[in-house]
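First comes the structure, then the notes that go with it.
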């Protein structure tokens, strides 16, 4: 089975998702303010900011893991994992784009992270195990 059409599309969605994560990390103030009450304290702001930074850094780390598997060729030619990655990262890019434009509550990011970064990264780890440790082609 040839999956040549998925390779450039997967690369582009991985890259766009990573760029949006880095963009939100650099300009996160409005999203942090959106998840605070009107009369917040400096301690509340710092706590939400640290929480949001932690989530963004976790998302970037998961993206780097998945990008490493893709660029080394371990998961580049896998059919179903590539399709799952393409779907999740397309949705993630769209959701994060709206998050930047509409200034969503920063607590919504955790749902986006779970559905669009953790799931494909877990599948990527399974592909790593199958290909590198068990010497199976998927």
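Couple of notes before you dig in:
- Across region 5-27, the number of residues qualifying as surrounded by fewer than 18 Cβ atoms within 10 Å (Cβ to Cβ) and either more than 15 Å from residue 85 (Cα to Cα) or touching a strand residue (DSSP E or B) at 6+ places or on another chain (Cβ under 6 Å) (or both) comes to 6.
- For residue 104: the one exception among (1) in contact with a helix residue (DSSP H, G or I) (Cβ under 9 Å, 6 or more places away or on another chain); (2) closer than 27 Å to residue 25 by Cα; (3) in a helix (DSSP H, G or I): (3)
- Scanning region 87-114 for residues that are closer than 17 Å to residue 57 by Cα and modelled with pLDDT under 90, we see that the one that is surrounded by the fewest Cβ atoms within 10 Å (Cβ to Cβ) is 107.
- Hits in region 31-52 (condition: loosely packed, with under 14 Cβ neighbours inside 10 Å and assigned to a helix (DSSP H, G or I)): 42, 43, 46, 50
- Of all residues in region 125-137, those that are at negative phi and buried (at least 16 other Cβ atoms within 10 Å of the Cβ) have Cβ atoms under 7 Å from Cβ atoms of residues that are modelled with pLDDT of 90 or more and not in a loop (DSSP other than H, G, I, E, B), 6 or more apart or on another chain, in 127/69; 127/81; 128/69.
- Single residue of region 70-86 satisfying the filter (surrounded by fewer than 15 Cβ atoms within 10 Å (Cβ to Cβ) and not in a loop (DSSP other than H, G, I, E, B)) that is modelled with the lowest pLDDT: 79
- Residue 117 surrounded by 20 or more Cβ atoms within 10 Å (Cβ to Cβ) and either closer than 22 Å to residue 5 by Cα or touching a residue at least 40 places away in the same chain (Cβ under 8 Å) (or both): yes
- Test: residue 71 is closer than 25 Å to residue 119 by Cα and touching a residue at least 60 places away in the same chain (Cβ under 8 Å): no
- Lone unmet requirement of (1) in contact (Cβ under 8 Å) with a residue 40 or more places away in the chain; (2) over 25 Å from residue 12 (Cβ atoms) for residue 39: (1)
The values are calculated or read from the model by the stated rules, or taken from the named source; none is laboratory data. Computed from a prediction, not measured in an experiment: that's the story for all the values here. Because the Cβ atoms are built from the backbone with ideal geometry, glycine has one as well, and the counts that use them run over all protein chains shown.
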